[in-house]
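In what follows, a single structure is set out as structure tokens and then discussed.
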Amino acid sequence: MITRNYHRGLLAALGFTLALPSAALADEGYLASLHHEHLVTSTVPENGDQNPYAMAISPVSAGNLQKGDLLVGNFNNAKNLQGTGTTIIDYRPATGKTTTFATLPAKLDGCPGGVGLSTAMAVLKSGWVIIGSAPSTDGTTKTLGKGCLIVLDSSGKVAGTISGPNIADPWGNMAWIDNGSKATLFVSNAGFGIGAPGQPVQNTATVLRIELNIPEGKAPEVASQTVIGSGFPARADESVFLIGPTGLALGKDGTLYVSDAIGNRVVKILDATTRMDSAGTGEVVTQGGLLNRPLALTTAPNGNLITVNGLDGRAVEIDPTTGKQIGDKWLDKDEAQTPPGSGDLFGIVPSPDGKGIYYVEDDMNTVMQAK
């Protein structure tokens, strides 16, 4: 994406203001308790990578990680070509410092098409970091590779890859269960049958469950893979690269919630942790309303779902039981876009101290916090 610092500053300098749509916040809900947004850190490392997508909190202190660190992956390189970013930055709340956790090679054995770090990332209790790659060589899906999941140790060194026929451009933020010696990953794949921008929607995207064994002192090993969701719509896009199922969040009862960006809805896959077949596109939880191309998905401390919109600067809170849209909050009011904040939001995670949420403004290459 193209940064818009200039446009934002110009509007402010000229004194222009645009009326924002009114937020439909109810008196209840987690988002209604958040009143301030502030800059946390830049996500641009020394090599100039841009467009932060993936976000994950470290649950452990190991290697170069400290418990509570926020890892953020970059999707673009310094030339702003999508699908070419190779870096993960590490923001440490305890010190307020940001460092580069990992710089990956542009080409990696076992990762078809190269490296372009997507929104899919998990940090496990064992210190292993797993991040998705949805690569391109020219910044468009004309050169889209199948990609992979990349396994890094707690010092940011590549330890292996996960690829194969069930994986095609791991795209959405991952959900996972972590028991230390075993872990279960849920990842969406948006790249099956995707061609150049302008091609029709393909109902080929999937949700894959991957069971991992994690031997002590050794990299995770894949024990099994099961496609538990299929038939989701996905397509190439000139401005945002890929549009497909993006957000994943796991309920306590084993229900997996999925944001279907093209369908403008959130659906659920029942028995996601145990089922041995595909639930198709699952059951609709909520659709339309405040949603405006829902992307990343997370669970608030009160148990509700929070998603961010791709076509405006709002987060939307959803009761997963009733499907009621509790309310919304404008996280990004950038008036250089129409609607304000359109195309700026992507990753979102709860702050480890329980005080609000972290999110990226990828047009500004920053991590923000609402609290």
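If only the Cβ of Lys and Arg carry +1 and only the Cβ of Asp and Glu carry -1, the dipole of the chain around its Cα centre is close to 300 debye. Directionally averaged projected area (the chain, Cα convex hull): 16.6 nm². Cross-link reach is defined here as a Cα-Cα straight distance under 25 Å, omitting same-chain residues fewer than 8 places apart; for Lys67 the lysines meeting it are Lys97, Lys125, Lys157, Lys182, Lys218, Lys252, Lys355, Lys371.
Protection proxy ranking for 209-221, 324-336, using the average of other Cβ atoms within 10 Å per residue and placing the highest first: 324-336, 209-221.
Summing Cβ point charges (Lys, Arg +1; Asp, Glu -1) relative to the Cα centre of segment 169-277 gives a dipole of roughly 160 debye.
For Glu28 and Thr321, the FRET efficiency from 1/(1 + (r/R0)^6), where r spans their Cβ atoms and R0 equals 22 Å, is about 0.95. All other residues whose Cβ lies under 11 angstrom from that of Leu331 are scored, Lys and Arg at +1 and Asp and Glu at -1, for a net of -4. Listed by chain and number, the aspartates and glutamates placed with their C-alpha closer than 12 angstrom to that of Lys146 are Asp169; residues fewer than eight positions away on the same chain are left out. Between the amide H of Thr281 and those of Ser230, distances stay under 5 Å, these residues lying 5 or more places away or on another chain, with hydrogens modeled in the peptide plane. Each 5 Å bin from zero up to the one holding the largest Cα-Cα distance in segment 227-326 carries the following percent of pairs: 3, 14, 26, 25, 18, 10, 4, 1.
A helix-only calculation puts the chain at -1000 deg cm²/dmol for mean residue ellipticity at 222 nm, using -39500 (n - 2.57) for each DSSP H run of at least four residues, averaged over all residues. Ordering Thr281, Ala205, His38 by the projection of their Cα atoms onto the charge dipole of the chain, which places +1 on the Cβ of Lys and Arg and -1 on the Cβ of Asp and Glu, puts Ala205 at the extreme positive end. Here segment 56-120 and segment 270-342 have alpha carbon centers that stand 25 Å from each other. A simple charge model with +1 on the Cβ of Lys and Arg, -1 on the Cβ of Asp and Glu and nothing else charged puts the dipole of segment 36-95 at about 60 debye relative to its Cα centre. Take every Cα pair under 8 Å whose residues are at least 6 apart in sequence, average their separation, divide by the length of the chain, and the relative contact order is 16 percent. Put simply, when 305-315, 97-107 are sorted by average Cβ atoms within 10 angstrom per residue, most first, you get 305-315, 97-107.
Please give me the summed charge of the neighbours of Ala159: other residues whose Cβ is under 10 Å from its Cβ, Lys and Arg +1, Asp and Glu -1. Surrounding charge for Ala159 is +1. Summary of packing: across the peptides 296-303, 349-356, 187-194, the per-residue average of other C-beta atoms within 10 Å ranks them, highest first, as 187-194, 296-303, 349-356.
Since every read-out is calculated from the coordinates, none of them should be taken as a lab result. As the structure is a prediction and not an experimental result, all values here were calculated from the model. Backbone-built Cβ (ideal geometry, glycine too); neighbour counts: all protein chains shown.
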